[in-house]
1. Step through the residues of segment 126-134 one at a time and calculate ³J(HN,Hα) from phi using the Karplus curve (6.51 cos²θ - 1.76 cosθ + 1.60, θ = phi - 60°), rounding each to whole Hz and writing x for Gly and Pro.
2. Order of 266, 402 from fewest to most other C-beta atoms within 10 Å?
3. Reported to two decimal places, what Rg/Rh ratio describes segment 449-563 when computed on Cα atoms with Rh from the Kirkwood expression?
4. In terms of modelled amide H atoms, which long-range or inter-chain residues lie less than 5 Å from the amide H of residue 172?
5. Explain nothing, just the number: relative contact order of the chain, from Cα pairs under 8 Å at least 6 residues apart, as a whole percent.
6. Which three extents, in angstrom, do the Cα atoms of segment 47-172 have along their principal axes, listed largest first?
7. Could you tell me the extents of the chain's C-alpha atoms along the three principal axes, largest first, rounded to whole Å?
8. Mind listing P(r) for segment 98-244? All alpha-carbon pairs, 5 Å bins, whole percents.
Amino acid sequence: MKYNKSLSAVVAVSLVQGSLGQTWCGKNYMSNQSVVPPGGQFTFPPHSSEPLLSFSCVHVFRPYLEEDGKNAAFIVDTPIVYESVTGAEPILLPSGSSSSANLGSLDVTISVGSVSTTATVPLNTTGVQIPIDISGLVAQKDAYNVSCSATYSTASTSEPQTFNTSTLLLYLPNTNASVTKTDLRTGALWVRPADGKGGAFAPFIPQGFYVNFETYLATNLSMVDQLKADGFNTIHPIPPYDNLTMFEQFINKTISDGMYIVYDMRSNYQNLTAVAQQVTTYASIPNLLNWETAHEPDGNSDPQDAAGDAYDTIYEMDGYHPVSIVLNCQDYNFSPYIAGADIVIHDAYPIGINATWSPVWNTSCTPDFGHCGCDNCKGTVDDVRDRVQTFKDRLNVLGYGRTKSVWTTPQAFGSAQYWNKTPSGQEWAALGFTSLNHGAMGSKSFQYPTTTGNVTTIEGTATNVTVLIKEVIQPFVVDPTVTHATYIYQGVDAGLWYNGTAYLLLVSNVLNETVYVPWEKVGLGWITNETTQVQRKFSVSLFNNITGLDMSPDGVGIYIVTP
């Protein structure tokens, strides 16, 4: 495949080399600077003493293609909440109602263009799918406006209560080029095979690595083969991509190996001319997974509308691929930055830091001052759990719980600058497992090459873990009918999925202590025969018996459990 060589001129002019500014996450961090609170903190909504309806209505897949028109559907959520989340409105419930069973239903109408449909949806429920035939609409680049209304009547109210919400529907022309759909029921991506030979869409959890293009990939394309052999399916080349001849060879190599790529615009995403030309050049490659624009804009205090401007430019031209950004800060201007993304990625790197003193700047680190390599972190795997869960919680509050997903960046480096060690293989696995437990739908470790050798290293561990994520974990995580719960017990983080037949249990000991976990503390108190009911798929520093799990520090495990 050939790509536009004139792109290099635009990119070269707009290239902005990343550098540490006078603040990081809005904080001063040098010894000659004073303490100035950074501001920009996220505010969770106040509690409501009265019930509120959080009515939402979104299409199942983004985008839909013309070939999908007859089988389109919308997801309707009608939970009763007591926090003033975005879009929630007061609702008068029947007097004496004490459970969802006697709350009644809403009459929901969905209208898009000339098409509409109606359905009855129980109040205080989530994930109700309403089919709609949109094949009569014209497939086009511009999004359709969708209006959703819900009417609620009870014997105790004289007039029906009406609730309204809206969304945008992408209904695009068919294409033989790459398309990445997002399943808004789960946040999972759906893709065709990356080799460009065609095939059906299938759910997919990205497992990949950031790799510096100029330093490594431009001189050693065998790294693509090695990452594939390790079980990874995605490569994120770190720009610049100045050597376009080698970048073309890299793309062709990933296509032949069946590996997806993330195209990174961090160096020039604020130059919309450069953004537009890159989209024109690379949108049609068969293995493009998504675009990534802003990298750590919160740390660098980039203009808060820049990612949104790039996002709008990309969608005006493409629409077939989602857009991601990476946030470094624990809590600095989250809301404005994530407006420019479908995928919000954290890159908290806690392993090996001194959480209170910066060895680089010889200053202390507090919520208002300092830079210790991981913003407002404690220096444990627990920091990643908190980051993923907090990002998910904020997105829910902002009304983006279904339309924006969270990915994780497991730390695969260290022994330099702020970090006095590189994570072990099982620490790296724990970073990934706890992220999955709390809803991360993709993983790109930073960075490759990493530690290699026996099973105690990251690459040695990855060869076992990646195949299990694909074959054992992914079928549970991408299934919209599966139930999911999380448990935290004395520093052990657990995720439990149930598909109606079997349970998937992921456990990580995120603290530096030995912990015994009774089965009932992770939702499996009904186990009576550990030998026949509990199937170990993978574990390190972890032993199971009839009553529970005995976990050493950093212990991790994958289990399938049957009733």
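Computed from the coordinates by the stated procedures, all read-outs in this text should not be read as laboratory data. Note that the structure is a prediction, hence the values are computed from the model and not measured. Positions of Cβ are backbone-derived with ideal geometry, glycine not excepted, and every protein chain shown enters the neighbour counts.
1. Calculated HN-Hα couplings, in order: 9, x, 7, 9, 10, x, 8, 8, 9 Hz.
2. Numbers: 266 20, 402 25.
Arranged by neighbour count, lowest to highest, 266, 402 become 266, 402.
3. Working: Rg = 14.2 Å, Rh = 14.7 Å.
So for segment 449-563, dividing Rg by the Kirkwood Rh gives 0.97.
4. Residues meeting the amide H criterion: 64, 65, 66, 140.
5. On the way: 1321 pairs, mean separation 69.4, N = 563.
Computed over the chain, the figure is 12 percent.
6. 48, 27, 22
7. 70, 61, 54
8. The calculated distribution, bin by bin, is 2, 7, 11, 13, 13, 12, 10, 8, 8, 7, 5, 3, 2, 1, 0.
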